[in-house]
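For reference, the structure discussed in these notes is given below.
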Amino acid sequence: MSDSSSSAPLSRASTALSSLPSPEIQSLSLKDVTDEDRAQAAKIKAEANQAFASHDFVEAIRLYSLAIELNPLDATYWCNRAAARTKLEEYGFALADASKAIEVDPKYAKAYYRRATCYLQIAKPQLAIADFKKVVVLEPGNKVVQSQLTATQKLVRRIEFEKAIEVEGEKNPVERCHEIIAEGGCEVEKTYVGPRLSIGDDGKYVMTEEFIQGMIEWFKSGKNLPRRYAWEIILGACSHFVKDESLVNLDVEEGMTCDVIGDVHGQFYDLLHLYSLTGTPTEKHCLLMNGDLVDRGSWSIEVILTAFAYKWLYPTRMFINRGNHEAKDMNRTYGFEGEAKHKHGEQTYKLFAHVFTTLPLATLVSATKAPATTSATTILSPEGRKRYFVVHGGLFSKDGVTLDEVRKIPRIGRQPGQEGLMFHFSFSGLIPKRFPGRGPSKRGVGIAFGPDVTKRWCLLNGITCIIRSHEVRQDGYAVEHDGLCTTVFSAPNYVDQVGNKGAFIRIDAEGEQKYFQFEATPHPPMKPMAYAQGGLASLMM
């Protein structure tokens, strides 16, 4: 573990656009590319392929970009860069590259396939179907793509069916689970020999530290909790989430610290290592998990139940913001829905899906003591204290949004959608320092905001710094936008292939920040997204 309280090393993976601009194809013809250019581009492509195979996707993108500069009329360069960009979750950029490859060679089946996978990644399976169909026409013997087309068509039909059910109306899953429990329809199996929840004086289950530790060991042995216990944990956490406004206030009193944790994405064994570094919640120590606890990793149930158990036990010391993966569209695509149903059944997944909507959208972490250090550019609260706006994605498509507006956002029972404040909380990305204003996100969903947008909003609301997550940083964290925005990401070696560090941020009563990094921990031999449905897991990796 390393500790730095001054400046954070910036990740070259995401503090700038990952590739150089390329010539417009329409302005070029074959005679504009010399034999020497082609030969040099082919040599660079070979180096890029090696970087890709070594999981150095940033370097691979840089090299493919150089090859494109020399010979933009070779569709394979565009398509390969799309593949590398997908690994960094730059789905918007990857879509553009795949489309360029198709423009260069309309019969290039792999480019249609690559674009289809990008559409799936951004939860637009209807658009993926058209490209899969094109691949099947170009390669009628490709059984793998045919099966993926069939799986995607089934996925679209299921989405449409679920929307129809929602229109008809269905009982609140929290109410339904309480009914089933009252009817005796969800009892702990007599054969269960794992850790036991205690029963309070009122005859109801209560959470204890001893149970959590026993549960963790039970999970590490590869076993599941009884469904009843899973429900009790989810319902216990929910009982606290529903009391909160959409913006939660967290005051760091004298002698207290608060650790801000970024995405963990179902990487249970890395979460346990992380908790060993942060410590668990106590009267003097808070944990704030900034969304994306689930999906991608194949132990999302273990991660979310552990976090929810701590929320139930320490409601004023364990805080959890909602991320873009605490949403139905993402869970359907990236594995959590399949995992929840496999381990605890469909009603449990419905319960999770509803309780995710009760999670607060942001947390305002406020120092209670005067700052020990400031500079001429430090922005303080009206009381002269440092404070941090912690949100999963970022800022909004418009200026002028106040903290009071954020507090009043109606969230319970709602999905992020495709626009509005809740959507931008979950999906917004960053524009590098040298680019002002707003623009399309490199992920292909939502908007990206520049340093000028960040500064205006912080000045308006008296915010010292925005702390957000949502995007991989090679060093686990990066201080960006002239120090007014910090990104923290806590899933080391993301999806077992990115090679990044994880990190968390510690804030004390004076508002001082310290940054801690950690490496990935070995885990049992299970691949990410093992529970993705319909045979689509391979497309997401």
### Residue within region 85-107 that is in contact with an Asp or Glu (Cβ under 9 Å, 6 or more places away or on another chain), touching a residue at least 40 places away in the same chain (Cβ under 8 Å) and among the basic types (K, R) present
yes
### Query
From the set of residues in region 28-45 that are aliphatic (A, V, I, L, M) and assigned to a helix (DSSP H, G or I), which is most open to solvent (accessible area, probe 1.4 Å)?
L30
### Task
Exactly one condition in (1) more than 21 Å from S490 (Cα to Cα); (2) out of contact with any Cys (no Cβ under 9 Å at 6 or more places or on another chain); (3) at pLDDT 95 or above is not met by L274; state its number.
(1)
### Task
Would you mind stating whether F389 is within 17 Å of N331 (Cβ to Cβ) and modelled with pLDDT of 90 or more?
no
### Task
For region 317-331, enumerate the residues that are surrounded by fewer than 24 Cβ atoms within 10 Å (Cβ to Cβ), of a type outside the set (K, R) and in contact with a Leu (Cβ under 9 Å, 6 or more places away or on another chain).
M318
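Would you check which residues across region 205-254 are part of a helix (DSSP H, G or I) and among the β-branched types (V, I, T) and list them?
I212, I216, I233, I234
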## Note on the structure
When restricted to E89, E103, E59, E69, the only residue at positive phi and either modelled with pLDDT of 95 or more or not polar (S, T, N, Q) (or both) is E89
### Query
Which condition number in (1) over 16 Å from Q121 (Cβ atoms); (2) outside any loop (DSSP other than H, G, I, E, B); (3) among the aliphatic types (A, V, I, L, M) is the one that L293 fails?
(2)
### Identity of the residue in region 500-521, in contact with a helix residue (DSSP H, G or I) (Cβ under 9 Å, 6 or more places away or on another chain) and assigned to a loop (DSSP other than H, G, I, E, B), that ends up surrounded by the most Cβ atoms within 10 Å (Cβ to Cβ)
N500
#### Entry: Selected residue (criterion: nearest to M526 (Cα to Cα)) from residues of region 450-492 that are open to solvent by 30 Å² or more (accessible area, probe 1.4 Å) and in contact (Cβ under 8 Å) with a residue 40 or more places away in the chain
Q474
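The values are calculated or read from the model by the stated rules, or taken from the named source; none is laboratory data. Just so you know, these numbers come straight off a predicted model, no measurement behind them. Counting neighbours? That spans all protein chains shown, and the Cβs are built from the backbone with ideal geometry, glycine included. Only protein heavy atoms, including side chains, enter the accessible area calculation; ligands, DNA and RNA are left aside. Shrake-Rupley method; radii C 1.70, N 1.55, O 1.52, S 1.80 Å.
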